[in-house]
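The block underneath contains the structure these notes are about, expressed in structure tokens.
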Amino acid sequence: MTRRYDRLLHLGNVMIDLTLNVPVLPEHGGDVLATGTDVSPGGGFNVIVAAVRQGLPVVYAGGHGTGLFGDRARAALRETGVAVLQPPKPGLDTGFVVCVVDGGGERTFLTSRGAEATMTNDDLAPLTAGPRDIVYLSGYSMLYPMNRQALMGWLDRLADTVPVVFDPGPLVGQIPPEVTDRLLPRVDWWTCNAREAAAVTGRGDPGQAALALSARTGRQGVLVRTGPDGCLLALPGRGVTRVAGFPVDAVDMNGAGDAHTGAFVAALARGVDPPAAARAANAAAALAVTAQGPASAPTSDEVACFMAAVAARG
């Protein structure tokens, strides 16, 4: 197996997650006492952790602030072994996300943007992707006018041989359609869940949505996550393949999609073929939901042991 990529260049948004566990979501205007709370790095950090734990080095090229949350985000990145390329934004703190996890493990988000939403052309002008890099972009960045303009300009300068992975996120419907139309032809790997695929394509069937997205990207492929069932993989000229998931008892689904994306990219970087990479990503996501917290992605050894145990059971 020949390694394809040596580094993930992450241009998403590392934020801070304020997580509250509740038995049920409150009614409109109501209140519910949380059974547990946590403050931890989140947002794009979850993809970073997943990739690093699968053996892929990562550098963070997104924005970050000078306040308490910015300090916490940078400390977490340092502890993970991730280099931070941009200097802190003076006078701005890193943004945060309130994540409410209900008794069934489903999560609901409320996002307050910060310094990570203020990237400029000048910030990205010195940034160059190497020939052995793979680039990660988030749909959240495309919601923020400053980031959007800077990133689209940077993409125009990016060598065509450098692959781009794009995860649109749950607010994909709020990305201006003309931006999506311009972005799709440059995306090598589009990875999203079934709800997000439907929002972009108008196709309620995940398989049809995957095909529609694949027709618009025209590059390496599309991956549509379908929850516990696994994911669908659409490769140019090869239709859609269902890659089965792994049934587990979910404790916290926060960060499952990020664990899936980070593991998938890391497997591709190692030279694994896309179906096998998707299978490994399904395993990583399954393990991630059995642990509390958003950055709960497993290590490569944990994924290998889990898959071997599943195979042994037949």
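Quick look at the values:
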| item | result |
| --- | --- |
| Residue among L151, L233, L155, L137 that alone is modelled with pLDDT of 95 or more and farther than 29 Å from A276 by Cα | L151 |
| Members of region 183-192 that are surrounded by fewer than 23 Cβ atoms within 10 Å (Cβ to Cβ) and within 18 Å of the chain's Cα centre (by Cα) | L184, R186, D188 |
| Meets criteria (open to solvent by 20 Å² or more (accessible area, probe 1.4 Å), closer than 14 Å to N13 by Cα and out of contact with any Phe, Trp or Tyr (no Cβ under 7 Å at 6 or more places or on another chain)) for T111 | yes |
| Selection status of V251, closer than 16 Å to V303 by Cβ and either in contact (Cβ under 8 Å) with a residue 60 or more places away in the chain or open to solvent by less than 50 Å² (accessible area, probe 1.4 Å) (or both) | no |
| Which numbered condition Q208 fails, given (1) open to solvent by less than 50 Å² (accessible area, probe 1.4 Å); (2) at pLDDT 95 or above; (3) touching a strand residue (DSSP E or B) at 6+ places or on another chain (Cβ under 9 Å) | (1) |
| Yes/no for V97 being in contact (Cβ under 8 Å) with a residue 12 or more places away in the chain and buried (at least 19 other Cβ atoms within 10 Å of the Cβ) | yes |
| Sole residue being assigned to a loop (DSSP other than H, G, I, E, B) and either more than 19 Å from D229 (Cβ to Cβ) or under 16 Å from the mean Cα position of the chain (by Cα) (or both), chosen from A269, A291 | A291 |
| Any hit, region 37-48, residues being aliphatic (A, V, I, L, M), closer than 24 Å to R107 by Cβ and out of contact with any strand residue (DSSP E or B) (no Cβ under 6 Å at 6 or more places or on another chain) | yes |
| Tally of residues being open to solvent by 40 Å² or more (accessible area, probe 1.4 Å), hydrophobic (A, V, I, L, M, F, W, C) and in contact with a Phe, Trp or Tyr (Cβ under 6 Å, 6 or more places away or on another chain) across region 73-94 | 1 |
| The lone exception for R203 - which of (1) modelled with pLDDT of 95 or more; (2) within 20 Å of the chain's Cα centre (by Cα); (3) farther than 24 Å from A286 by Cα; (4) open to solvent by 60 Å² or more (accessible area, probe 1.4 Å) it fails | (2) |
| Members of region 58-72 found to be open to solvent by 10 Å² or more (accessible area, probe 1.4 Å) and part of a loop (DSSP other than H, G, I, E, B), listed by number | T66, G67 |
| Evaluation of G173 against (1) modelled with pLDDT of 95 or more; (2) outside any loop (DSSP other than H, G, I, E, B); (3) open to solvent by 40 Å² or more (accessible area, probe 1.4 Å) (one fails), failing number | (1) |
| Set L137, L127: member being under 25 Å from I16 (Cα atoms) and assigned to a loop (DSSP other than H, G, I, E, B) | L127 |
| Unique residue being among the aliphatic types (A, V, I, L, M), without any contact (Cβ under 8 Å) to a residue 40 or more places away in the chain and either open to solvent by 10 Å² or more (accessible area, probe 1.4 Å) or over 16 Å from G42 (Cβ atoms) (or both) when the list is A291, A267, A312, A281 | A312 |
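The values are calculated or read from the model by the stated rules, or taken from the named source; none is laboratory data. Please read these numbers as outputs of a predicted model, since none were measured by experiment. Every residue, glycine as well, gets a Cβ built from its backbone with ideal geometry; the counts of neighbours run over all protein chains shown. Quick note on the areas: whole protein, heavy atoms, side chains included, nothing else; ligands and nucleic acids left out. Shrake-Rupley method; radii C 1.70, N 1.55, O 1.52, S 1.80 Å.
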